[in-house]
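Note sheet for the following structure.
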Amino acid sequence: MQQEQIPQQQNVTPKKYQLTTPTKDKKQNKTNQSTTIQSPQNNDFYSPKNMNPWKTPKSLLKSNHKQSTPDHGFQTSPYSDRYIPLNVSRNLFNKQIQPFEIEEENQYEELLSENVLEIDENKHVSILNFNKQKHDKVQSAKQLETPKRKIDTLPIKVLDAPGLEDDFYQDTLHWGKNNLIAVGLQRSVYLYNVDNSKVFQLAEPINNNELSAYYTSLQWNTNGQMLAIGCCDGFLKLWDYNKNSFTGSMNLSNKRISTISWANPNIFAYGSKDKTINICDVRVPNYSIFQLLGHTQEVCGVTFDGSELQLASGGNDNKVFVWQMRGGNNNSNNQYISWEIKSHKAAIRALAWNPHSCGILATGGGNQDKTIKIHSSLTNQQIASINCDSQVCKLRFSKIVNELVSTHGYEKNLVCLWQYPTMKRIHQLEGHSERVLYLSASPDESTILTGSGDETLKFWKIFPTQVSNNMSSLFSMCEIR
């Protein structure tokens with residue numbers, strides 16, 4: 001900086017103006033202090049041999065001579081040595097602030113917002129403060145766990161089914177892998193082709209002379225090539241899709257066949273009102289292999305798991321049995337029983353194995369129970385119990401996503417969608433006026449079919465389209481086991 005030239009006669013200190021930072025001034029003061037020390041009379045001390053520029057001379061340390069910081073003769077500059085925004089400095093110096101006299105917790109924040117941040121007093125501002133209200137909203141959204149996909153609340157198609165029985169102990173609706181829907185309407189069985197919407201009658205009861213005879217259960221095998229049909233008088237018939245004819249029949253009881261389940265294209269099981277479960281094989285003469293005994297009342301539902309190793313059965317005796325098809329145990333009463341479940345308070349017709357989790361079984365109770373219970377056959381323990389406030393008629397796990405579909409009767413007649421394992425109800429479908437006793441799914445598992453005592457069949461598109469076989473095989477290869 002330029003200095004003003006003043007004659008030496010006048011005793012006036014020169015004026016200097018300099019814009020520097022405080023750090024530089026401190027460094028400059030230190031350097032000036034080290035260089036302005038006056039040497040003592042002994043000049044030999046400062047000889048090159050004894051000179052140490054980094055150490056204070058001992059003579060100075062012993063003496064009482066006080067060194068003062070040299071006066072640089074600075075005059076206060078109209079400018080500050082630090083940059084402060086004008087709007088902030090104006091507010092800071094024009095208003096009186098007492099930061100240490102705080103009576104309330106939020107008073108300091110109010111003073112800071114008014115004087116420094118220039119925030120309106122009427123507006124609530126939190127500085128680095130956790131917003132609990134927003135956190136609660138996020139949690140509530142997680143609890144709902146609504147699916148990202150869109151689910152139509154209305155059925156995509158409705159069919160009339162006159163004569164469809166409103167009977168808790170019948171199961172006469174199934175959608176096969178051949179895209180044919182088999183439905184039993186009293187004394188006749190009809191097939192509905194989904195591809196071309198054509199309908200044709202399949203069969204009538206064996207005893208045509210008996211007007212009281214009617215069909216009570218039916219199911220396609222796993223590849224859709226054979227249909228098993230059960231009758232109220234204990235007869236069971238097999239219809240071959242390729243041959244378009246009946247290939248055999250059997251009669252092991254004189255009471256109705258309430259439920260049928262296929263394990264693979266050849267082996268199936270059916271439960272009867274005579275309290276027995278029959279295991280059959282179409283490759284064996286007379287079809288019957290052995291019987292399972294354990295229920296004390298009518299068998300309402302049977303279903304195989306995906307590995308064909310376990311069979312679950314529910315009865316009108318409020319019990320669920322898990323049967324080991326291979327090996328079994330050493331139970332004296334029945335060597336195939338591996339677990340007996342007694343937690344329900346009503347008949348169990350709804351049974352479903354989870355294809356995504358090994359050994360997970362869902363069971364649903366009747367009108368006096370109204371609960372869905374999740375069990376693990378690996379540990380023989382109950383995992384969860386959900387109160388549905390209505391009779392549970394049917395259960396089915398999706399093979400595409402890990403979700404459970406339930407149909408209900410008294411008193412709400414709903415179709416509900418549950419997410420597993422949280423068992424949060426994420427959607428419900430309304431449309432039936434009577435109990436939704438029948439449930440099946442399309443071959444691609446994207447559409448479910450429900451039947452009710454209101455004599456209607458309704459198609460609901462609720463699941464995404466299944467991935468192709470190439471992609472599914474790729475996923476199975478990449479699965480970590």
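The values are calculated or read from the model by the stated rules, or taken from the named source; none is laboratory data. What you see is a predicted model, and the numbers here were worked out from it, not measured in a lab. Methodologically, a virtual Cβ is constructed for each residue, glycine included, from the backbone with ideal geometry; neighbour enumeration extends over all protein chains shown. Each accessible area value is taken on the protein alone, full model and side chains, heavy atoms only, with ligands, DNA and RNA left out. Shrake-Rupley method; radii C 1.70, N 1.55, O 1.52, S 1.80 Å.
Within the stretch 365-387, is there a residue that is of a type in the set (Ser, Thr, Tyr), at pLDDT 95 or above, buried (at least 20 other Cβ atoms within 10 Å of the Cβ) and touching a Lys or Arg at 6+ places or on another chain (Cβ under 7 Å)? There is no residue in the stretch 365-387 that is of a type in the set (Ser, Thr, Tyr), at pLDDT 95 or above, buried (at least 20 other Cβ atoms within 10 Å of the Cβ) and touching a Lys or Arg at 6+ places or on another chain (Cβ under 7 Å). How about the stretch 388-434: which of its residues are among the β-branched types (Val, Ile, Thr) and surrounded by fewer than 15 Cβ atoms within 10 Å (Cβ to Cβ)? Passing the criteria: only 422. State all residues of the stretch 297-309 that are assigned to a strand (DSSP E or B) and open to solvent by 20 Å² or more (accessible area, probe 1.4 Å); if no residue qualifies, say none. Listed by number, the residues that qualify are 303, 304.
When you check residue 233 against the structure, is it over 37 Å from the mean Cα position of the chain (by Cα), on the phi < 0 side of the Ramachandran plot and surrounded by 15 or more Cβ atoms within 10 Å (Cβ to Cβ), yes or no? It is true that residue 233 is over 37 Å from the mean Cα position of the chain (by Cα), on the phi < 0 side of the Ramachandran plot and surrounded by 15 or more Cβ atoms within 10 Å (Cβ to Cβ). Looking at the stretch 148-187, the strands (runs of 3 or more DSSP E) lying wholly inside it that each contain 2 or more residues that are over 20 Å from residue 261 (Cα atoms) sit at 157-160. Residues that are more than 25 Å from residue 273 (Cβ to Cβ), open to solvent by 50 Å² or more (accessible area, probe 1.4 Å), without any contact (Cβ under 8 Å) to a residue 12 or more places away in the chain and hydroxyl-bearing (Ser, Thr, Tyr) do occur in the stretch 332-343. The set of residues in the stretch 233-285 being among the acidic types (Asp, Glu) and in a loop (DSSP other than H, G, I, E, B) consists of 233, 274.
Residues considered: 318, 286. Of these, the only one that is surrounded by fewer than 22 Cβ atoms within 10 Å (Cβ to Cβ) and either among the charged types (D, E, K, R) or closer than 21 Å to residue 395 by Cα (or both) is 318.
Out of the residues in the stretch 170-194 meeting the condition of being among the charged types (D, E, K, R) and modelled with pLDDT of 95 or more, tell me which one is nearest to residue 315 (Cα to Cα). Among them, the one singled out is 171.
Within the stretch 345-364, the only residue that satisfies the criterion of being in a loop (DSSP other than H, G, I, E, B) and either of a type in the set (Asp, Glu) or buried (at least 23 other Cβ atoms within 10 Å of the Cβ) (or both) is 347.
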